[in-house]
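Have a look at this one before I ask anything.
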Amino acid sequence: MTNIPDPASPVDPGTIAQAGPLLASLEQILQDEHSVVRLPDDVAALDPADAAKVRAVVTSGRVGVPTDLMAALPNLEIVTNFGVGYDTTDVAQAAARGIQVTNTPDVLTDCVADTALGLMLDVFRRFGASERFLRDGKWESGGFPLTRRFSGSTVGVLGLGRIGQAIARRAAAFDTTIVYTTRRPVEGVPWEHVASAVELARRSDVLVVAVPGGPSTVNLVDAEVLRALGPDGFLVNIARGTVVDEDALIEALEAGEIAGAGLDVFANEPNVPERLIRDDVTLLPHVGSGTQETRQDMRDLTLANLRAYLAGEQLPTPVPETSGV
């Protein structure tokens, strides 16, 4: 049973809260439509009387509603999440308490997959490094070192959900061989399923991480997987920084156990370890879905979920763990 209110008993506007910063246009619309309360960053600073009034929280995938904050909101009914990832929200507690959680799937799939393709091309061809080479005036002293050919390589996709499949389709256009690993084979796809992350890495010229974040995938790409990838293999991560053992990655790069990496996500954002700032690593500040069009679509879907909740209607995109399906 869900916790959606009866349409005849709408939620008080003052019970809608915001956790963390949001897209400016989303914040503006929320303020225009409701009396939104901004939750403090420190849960200890939250007044219990105010907390008891909160029935809806709008947040982002980077902030979420973690265990302590959710526990402090006794009458919470819904978390509307601006982002496809919701590992920062305690969905187990939400499910146990009948709290709905929504996210924004599909609308960011293409842009994240485009980012993965860009990172793959860059780690093979080193376009960013070669541009810096030119800008620094080094071309006059000789040509840029030879790079690697991406076309015809083997691309291993770790996780073949919506984003993983979009990445595979893009990479396949470069006449690559696609192999993938999931808990079980995905029906209806033309690519080979590989039993484990280690075997996938061993088969791949580039391993692309596209699994959800959360406790079940923490350090899924560990030292063993990186060793299997080998000194000619690249790692690309557009999923969550927690999926890759960052210390093991740094050690593998420094030891020459892998050829390089392309990273859009990190374990402790926005803090990037200094040892990762290397010529053989392409670093992006978590911009996978960072286009105007996608962020507007994410905003609109976040609002659609909130408005459906307030109207007592079916939520457009509840996450499976709390949807009762």
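The values are calculated or read from the model by the stated rules, or taken from the named source; none is laboratory data. Since the model is a prediction, treat every value here as computed from it, not as a measurement. Here the Cβ is made from the backbone with ideal geometry for all residues, glycine too, and neighbour counts use every protein chain on show.
Being buried (at least 24 other Cβ atoms within 10 Å of the Cβ) and under 17 Å from Asp280 (Cα atoms) is the filter here, so list the residues in the stretch 219-232 that pass it.
Within the stretch 219-232, Leu226, Leu229 qualify.
Go over the candidates Ser216, Ser204, Ser196 one by one and state the one that is crowded, with 16+ Cβ neighbours inside 10 Å and assigned by TED's automatic domain parsing to the domain that holds Ala129.
That would be Ser204, the only listed residue that is crowded, with 16+ Cβ neighbours inside 10 Å and assigned by TED's automatic domain parsing to the domain that holds Ala129.
Turning to a different aspect of this structure: Give me the pairs: first residue in the stretch 134-160 and part of a helix (DSSP H, G or I), second residue surrounded by 14 or more Cβ atoms within 10 Å (Cβ to Cβ), beta-carbon distance under 7 Å, and six or more apart or on different chains, which are they?
The qualifying pairs are Trp139/Phe133.
Residue by residue through the stretch 255-278, note down the ones that are touching a residue at least 40 places away in the same chain (Cβ under 8 Å) and either on the phi > 0 side of the Ramachandran plot or among the basic types (Lys, Arg) (or both).
Gly260
Every residue in the stretch 250-269 that is assigned to a loop (DSSP other than H, G, I, E, B), acidic (Asp, Glu) and within 20 Å of Arg126 (Cα to Cα), please.
Glu257, Asp264
So Leu200 clears everything in (1) more than 20 Å from Thr176 (Cα to Cα); (2) not in a loop (DSSP other than H, G, I, E, B) except one condition, right? Which one?
(1)
Okay, next question. Cβ-Cβ under 9 Å, sequence separation 6+ or interchain: first residue in the stretch 69-84 and at pLDDT 95 or above, partner of a type in the set (Asp, Glu). Which pairs?
So the pair list comes out as Leu69/Asp90; Met70/Asp90; Ala71/Asp90.
Has the stretch 195-211 got at least one residue that is hydroxyl-bearing (Ser, Thr, Tyr) and modelled with pLDDT under 95?
The answer is no; no qualifying residue exists.
Keeping to the stretch 85-117, report how many residues are free of Cβ contacts under 8 Å to residues at least 24 places away in the same chain and buried (at least 24 other Cβ atoms within 10 Å of the Cβ).
0
Something else: Residues in the stretch 186-197 that are within 22 Å of the chain's Cα centre (by Cα) and not in a helix (DSSP H, G or I): how many?
Residues meeting the conditions: 2.
Could you grab the pairs with beta carbons closer than 6 Å, sequence gap of 6+ or different chains, first residue in the stretch 235-254 and of a type outside the set (D, E, K, R), second one surrounded by fewer than 21 Cβ atoms within 10 Å (Cβ to Cβ) and at pLDDT below 95?
Close Cβ pairs satisfying both conditions: Thr242/Gly213.
Please specify each residue of the stretch 266-299 satisfying the condition of being of a type in the set (Asp, Glu) and surrounded by 14 or more Cβ atoms within 10 Å (Cβ to Cβ).
Across the stretch 266-299, the qualifying residues are Asp280, Asp297.
Among the residues of the stretch 55-91, which ones are among the basic types (Lys, Arg) and either touching a strand residue (DSSP E or B) at 6+ places or on another chain (Cβ under 8 Å) or not in a loop (DSSP other than H, G, I, E, B) (or both)?
Arg55
Residues Val57, Val65, Val37: which one is at pLDDT below 95 and either in the same structural domain as Tyr86 (by TED's automatic domain parsing) or crowded, with 18+ Cβ neighbours inside 10 Å (or both)?
Exactly one residue qualifies, and that residue is Val37.
Let me ask something additional. Determine, yes or no, whether Ala304 is surrounded by fewer than 20 Cβ atoms within 10 Å (Cβ to Cβ), in a helix (DSSP H, G or I) and out of contact with any strand residue (DSSP E or B) (no Cβ under 7 Å at 6 or more places or on another chain).
Taking the combined requirement at face value, the residue satisfies it.
Continuing with the same structure: Please identify the pairs in which a residue from the stretch 14-27 that is more than 20 Å from Ser289 (Cβ to Cβ) and assigned to a helix (DSSP H, G or I) has its Cβ atom under 7 Å from the Cβ atom of a residue that is modelled with pLDDT under 95 and of a type in the set (Gly, Ala, Ser), counting only partners at least 6 apart or on another chain.
Gly14/Ser35
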